[in-house]
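Reviewing the structure listed below.
Nothing in this text is a laboratory measurement; each read-out follows from the coordinates by a stated rule. In this text the structure is predicted, and so the values were computed from the model without any measurement. As a convention, Cβ positions derive from the backbone with ideal geometry for all residues, glycine included, and neighbour counts pool all protein chains shown.
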Amino acid sequence: METQAFKPELADLKKAAQLIDDGELVAFPTETVYGLGADATNPAAVKKVFEAKGRPADNPLIVTVADPKQVADFAQVSAAAQVLMDHFWPGSLTIILPTKPKHLDDVVTGGLPTAAFRLPDNQATQELIKLAGVPLVGPSANTSGKPSPTTAAHVWHDMDHKIAGIIDDGPTTVGVESTVVDLSVSPATILRTGAVTEEELEQVLDEPVIDVTQPTAVDDAVHPKAPGMKYRHYAPDKPVVMFDPLDAGELAKALQGSDAVMALDDTLAQLPAGQTKTWSLGKDYQSASEQLFAGLRYFDDQGDVQRIYVERLPEIGLGRAYNNRLAKASGNQFFQAD
Ligand code: TXA
Ligand code: MG
């Protein structure tokens, strides 16, 4: 299949919407990562998403809407859900709600009595959904298990000849996937960390929120709450190793010529100049989250790189989501200074 390149302009969005209507797949931009779109009400189209990504069939998809009102067609919208939608949408929050029976096919929900909903902060994608007249399933547009795509080029790399079109709206700004909060249980439970934090959710809901992604929570490897969490994720083919910035000096001594380092600018300044392959994560957790997947993908494609060292950040705000993705990409491998 020839994959078509689309710009975020009305004429192109109309062509893309027509492809969605024809049951084809189109990758779309969001503020977090690029998504892989198909008509959420067309099971045959949704099946193609699993094939293109190589995604396990029991891992349910997000239903991506352009208007909060669309959610009520498929799910029971509680008062708390309405409050979160009003406050955080459009934005980086995915909300899990109990579905109305028989309104979404099992291929979307993985057979669960719940479904995930999100309204991304991207004009072109909102327009695409309106033109298509149906919500889109929207998993990240990467090959299953690989780092999520934060540029259209990343999507081309993984999806060329597998999908009908890609809408290029430039690099995404957040860089890590949305926060997933489960409102089908009480108290509300964070299943995936993202730009919307536990503290913000508690403040808006005026209730305690549990974060099961934190180390103190029940062993989610045994009882994964979000089905997707039991799979290896965000991982390049090459080994990724986390390091604490306090160990930068020791790391500098241990580096081989074939090692790459991704770190904040202040940390990179402590490494031997010219000797190492480096990728700047900028100055704080915001720029680091925006750059993480791009750097991992870049070095994964460099033939002369054998190992990728990546700086771990303080567990504050978006730093928590960043560390969570990095921990998974590295399989929890930490650099140990002797
Ligand atoms: O930022 C994002 O959320 C991106 C952009 C493209 O919107 N999308 C995304 O989708 O990350 P995906 O499919 O890669 O991740 C969705 C996560 C998976 O871990 C999945 O298991 C979980 O949400 N999920 C979906 N439906 C669920 C449900 N009913 N119950 C529990 N977890 C669910
Ligand atoms: Mg994904």
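Arrange the following residues from fewest to most other Cβ atoms within 10 Å of their Cβ: 34, 285, 298.
Numbers: 34 30, 285 22, 298 18.
Fewest to most other Cβ atoms nearby, the residues stand as 298, 285, 34.
What does the convex hull of the alpha-carbon atoms of the range 64-184 project to on average, in nm²?
Values: hull surface 30.8 nm².
For the range 64-184, the mean projected area of the Cα convex hull comes to 7.7 nm².
May I ask which residue of 208, 155, 279 lies farthest towards the positive end of the charge dipole of the chain, with charges of +1 (Lys, Arg) and -1 (Asp, Glu) on Cβ and the Cα centre as origin?
Among 208, 155, 279, the one farthest towards the positive end of the dipole of the chain is 155.
Please list the non-local residues whose amide H lies under 5 Å from the amide H of residue 62, H modeled 1.01 Å from N, same-chain partners needing a gap of 5 or more.
For residue 62, whose amide H was placed from the backbone, the distant partners under 5 Å are 138.
Could you please rank 178, 78, placing first whichever residue has the fewest other Cβ atoms within 10 Å of its Cβ?
Placing the least packed residue first, the sequence is 78, 178.
List 71, 63 from most exposed to least, where exposure is judged by having the fewest other Cβ atoms within 10 Å.
71, 63
Would you mind checking 238/277; 238/328; 69/102; 14/53 for any pair whose Cα atoms are more than 20 angstrom apart? Walk me through the intermediate numbers first.
On the way: 238/277 15 Å; 238/328 13 Å; 69/102 18 Å; 14/53 24 Å.
Correct reply: 14/53.
For a quick check: with amide H placed at 1.01 Å from N, whose amide H comes under 5 Å from residue 4's, ignoring anything fewer than 5 positions away on the same chain?
Correct list: 165, 166.
Under the rule of at least 5 residues apart or a separate chain, name every residue whose amide H is placed under 5 Å from the amide H of residue 262.
279, 309, 310, 311
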